[in-house]
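Before any comments, here is the structure.
Derivation of every value follows stated rules applied to the coordinates shown; laboratory data play no part. All figures in this text were calculated on a predicted structure; none of them were measured in a lab. Quick reminder, even Gly has a Cβ in these numbers, built from the backbone with ideal geometry, and neighbours come from all protein chains shown.
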């Protein structure tokens, strides 16, 4: 094809190839979830997102390894190409809430190579 034949198919200067622009999304599941979580829970009179945050932190402090990993990853981020590996070995003796919290703080401190006091300060 000759150069002069190609010119007729090129966009004209100053004229958009899509004059109406990108069509608007009809529905976004992410936006729907954000709106729902921003609303107050009628029973607890708190924002639903705050209730979820409290639950996640509470579970981590009780020793839930998945939640500990989640909190760590959200606070500090997961290093590229690595995952937070928690091989926490605790005997089968029932733990008190204080013992679980203590273990959770210790695990967080070891993973991030910071002091337990620093973990307590960051988690508030």
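Packing here is the average count of other Cβ atoms within 10 Å per residue, and on that basis the peptides 31-40, 112-121, highest first, run 112-121, 31-40. Note on residue 43 and residue 58: the model spin-label points, each 7 Å out from Cα along the C-beta direction, lie 1.1 nm apart.
Using 0.36 nm per residue of separation minus the Cα-Cα distance, give me the extension gain between residue 28 and residue 75 in nm, one decimal. Numbers along the way, then the final one.
Values: separation 47, 0.36 × 47 = 16.92 nm, distance 2.68 nm.
Extra length from residue 28 to residue 75 when fully extended: 14.2 nm.
Based on C-alpha pairs under 8 angstrom that are at least 6 apart in sequence, the stretch 1-77 has a relative contact order of 12 percent.
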